[in-house]
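The values are calculated or read from the model by the stated rules, or taken from the named source; none is laboratory data. Since the structure is predicted, the reported quantities are computational estimates derived from the model, not experimental observations. Glycine gets a Cβ as well: all are built from the backbone with ideal geometry, and neighbour counts include every protein chain shown.
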Amino acid sequence: MRIRTIIRLIPFAALLHSISAAEAARDLTLRQAIALTLKQNPELAAFSWDLRSADARLLQARLWPNPELGTQTEDIGGTKQASGFSRSQTTVQLSQVIELGGKRNARVREAAYGRELANLDYESKRLDVLKKTTQAFVDVLVGQERLRLRQENLDLVSGLLPDIKRRIEAGKASAIEQTRVDVEVASARIELEQANRTLLAGRQRLSAQWGSTKPDFGRAVGDLDTIQSPSNLTALSFNLSLNPELTRWEPEKQKREATLRLQQADAVPNLTLSAGPRYIVERREWTQVVGFSLPLPLWNRNQGAILEAQNQLAKLEDEKRSMVSRLSTELNDAYQTVARTTDEIRVLKDSVLPGAEKSVTTMQEGYQAGRFSYLDITDARRTLNTARVQYLQALSEYHKAVAEIEALANRPFNGATDFSK
């Protein structure tokens, strides 16, 4: 039994080609599905705004504080000798905050590392989206094959009805066999409808990966039967360090250190310089005024924010170990699934399926010759259907686990890229 699928993460540069709606309405390969996903996936589109926001934060961090322009009028009022503004003094003052303690540099470093983390978060999301697209593609192909098998089973059972009727009329079979066949036909129709509904749901999930509200492609095509022995787990574990969720920890550490330095710098008060002309109405002359102000850090020295930043930096190693443990466990689980299903697929393909298919053929020939009953054919056919479903399930688990490994290790599994036919 050959089942077609593709199940490798294609190199990104090779996928960024345009796919028209007419092309997508025809047969769909994994390469095309991934290209559509990279181009139109809503989650990736939303993440692109995070990158723009990170750029904006970096832009804002580089800006200097604005100067302030103010005016002040003194000695307004009336006396016996003068009234109104006749003795007033008006000062026009320009003030500028001078940031002390390295605030600006710390702020810029924090924003720069924040932008780097935004890039890595985008890479993590892209790998996750491509993995889900691949797994959804596998579900569609498995669903297509399951639907074909269910239809084949219904045709086989229905095809026995005329022969059963002839045997009953000839007195070679009892009427109970007619009832058994009717029940089998009804069950086969139910299974066919279930397979059809499952396939429709899988097609919807796949098309949702590129933001489509309904399936906009014909059939998914590829080669599910293509499998490979799993790579060495040690080598895959080494490649786990390439995962963006792990490479992000160094810039995350740098960002938290920059945040701590910024909070420490905020404990240093800023100096405000001011200068401007003053006009004295009574003497009708201009004078110059200069001054400065400096807050006194008596009670608020930003202690709470500094302590929070220190705690966030201290917990980073624990978070990193937790992430490494989680990803290593996921990699090991996926690897064991690949190893298990590889053996299962080969045994089913080389021994179980050929034997079950031969048994059904033998039973059908013997039934026509009168050597076997309908019950014997039913048992043989159920054994074959069970083996086929088990084979499909093993293939599905294998390819989904391979997609998981590719995403975790951030590389094509076993060096493979595309198995389209």
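Some notes on this structure:
- If only residues of the stretch 58-80 that are surrounded by 13 or more Cβ atoms within 10 Å (Cβ to Cβ) and touching an Asp or Glu at 6+ places or on another chain (Cβ under 9 Å) are counted, the one that is farthest from Val289 (Cα to Cα) is Ala61.
- Counting only helices (runs of 4 or more DSSP H) that sit completely within the stretch 1-86, those holding 2 or more residues that are modelled with pLDDT of 70 or more, among the hydrophobic types (A, V, I, L, M, F, W, C) and out of contact with any Lys or Arg (no Cβ under 7 Å at 6 or more places or on another chain) correspond to 30-40, 42-62.
- Filter result (loosely packed, with under 12 Cβ neighbours inside 10 Å and either in a strand (DSSP E or B) or at pLDDT 95 or above (or both)) within the stretch 264-290: Glu285, Trp286, Thr287, Gln288, Val290
- Some residue of the stretch 75-84 being free of Cβ contacts under 8 Å to residues at least 60 places away in the same chain, touching a strand residue (DSSP E or B) at 6+ places or on another chain (Cβ under 6 Å) and not assigned by TED's automatic domain parsing to the domain that holds Leu28: yes
- Selection status of Val108, closer than 30 Å to Ser396 by Cβ, of a type in the set (A, V, I, L, M, F, W, C) and not in a strand (DSSP E or B): no
- Scanning the stretch 94-105 for residues that are in a helix (DSSP H, G or I) and not polar (S, T, N, Q) gives Lys103, Arg104.
- Listed by position, the helices (runs of 4 or more DSSP H) contained in the stretch 161-263 that have at least 2 residues being surrounded by fewer than 14 Cβ atoms within 10 Å (Cβ to Cβ), of a type outside the set (A, V, I, L, M, F, W, C) and modelled with pLDDT under 85 are 161-169, 175-208.
- Neighbours by Cβ (under 6 Å, 6+ apart or cross-chain): first from the stretch 119-135, part of a helix (DSSP H, G or I); second basic (Lys, Arg): Leu120/Arg248; Gln135/Lys400
- Taking every residue in the stretch 301-327 that is within 15 Å of Lys255 (Cβ to Cβ) and pairing it with any residue that is among the charged types (D, E, K, R), at least 6 positions away or on another chain, the pairs with Cβ-Cβ distances below 8 Å are Ala309/Arg256; Gln312/Arg256; Leu313/Lys253; Leu313/Arg256; Leu313/Glu257; Leu316/Glu252; Leu316/Lys253; Leu316/Arg256.
- Meets criteria (within 30 Å of Thr259 (Cβ to Cβ), modelled with pLDDT of 90 or more and surrounded by 15 or more Cβ atoms within 10 Å (Cβ to Cβ)) for Ala309: yes
- Looking across the stretch 324-337, the residues that are of a type outside the set (D, E, K, R) and more than 10 Å from Glu404 (Cα to Cα) come down to Val324, Ser325, Leu327, Ser328, Thr329, Asn332, Gln336, Thr337.
- Any hit, the stretch 231-250, residues being in the same structural domain as Glu116 (by TED's automatic domain parsing) and farther than 30 Å from Leu120 by Cα: no
- Residue in the stretch 342-352 that is surrounded by 17 or more Cβ atoms within 10 Å (Cβ to Cβ), touching a helix residue (DSSP H, G or I) at 6+ places or on another chain (Cβ under 6 Å) and under 30 Å from Tyr122 (Cβ atoms) present: no
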